[in-house]
Amino acid sequence: MNETPSPASTQALQVLCDKFRDTKHDINNVFAVLLALAELGERNPANYERLGKAVLERCPTVVHDLQSFQDALFATLEHCKAAR
């Protein structure tokens, strides 16, 4: 049962891998900013307001990126199932 992936499924997986890489990069950037602001807030409590604002602004983007990746993952899975 050694199935060779079709070019279409290979291409779909490559697109999914690229999307994962981009999503991971974007999320890591958000967390880096949040951690930096948390450290600044620790040094100067006045920075906690900036941290709170950053969390409120950026967290919906993280959730959206994760949802988008999940949708792409499931779509690719369904595409691969249909190709069998």
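Laboratory data are not the source of any read-out in this text; all were calculated from the coordinates shown. Nothing here was measured: the structure is a model prediction, and the numbers come from that model. Cβ coordinates were reconstructed from backbone atoms using ideal geometry, including for glycine residues, and neighbour counts include every protein chain displayed.
Quick look at the numbers
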| read-out | value |
| --- | --- |
| Estimated 222 nm signal from helices in the chain, with DSSP H stretches of n ≥ 4 weighted -39500 (n - 2.57), rounded to 500 | -32000 deg cm²/dmol |
| Nearby aspartates and glutamates by direct alpha-carbon distance to residue 81 (threshold 19 angstrom, same-chain neighbours under 8 apart not counted) | 3, 71 |
| Pair residue 82, residue 36: separation of 7 Å Cα→Cβ label points (nm) | 4.3 |
| Karplus 3J(HN,Hα) series, Hz, for region 39-53 with 6.51 cos²θ - 1.76 cosθ + 1.60 (x for Gly, Pro) | 5, 5, x, 5, 6, 9, x, 4, 6, 5, 5, 5, 5, x, 5 |
| Which label in (1) 29, 29, 22; (2) 79, 24, 17; (3) 61, 18, 17 gives the computed Cα extents along the principal axes in Å | (3) |
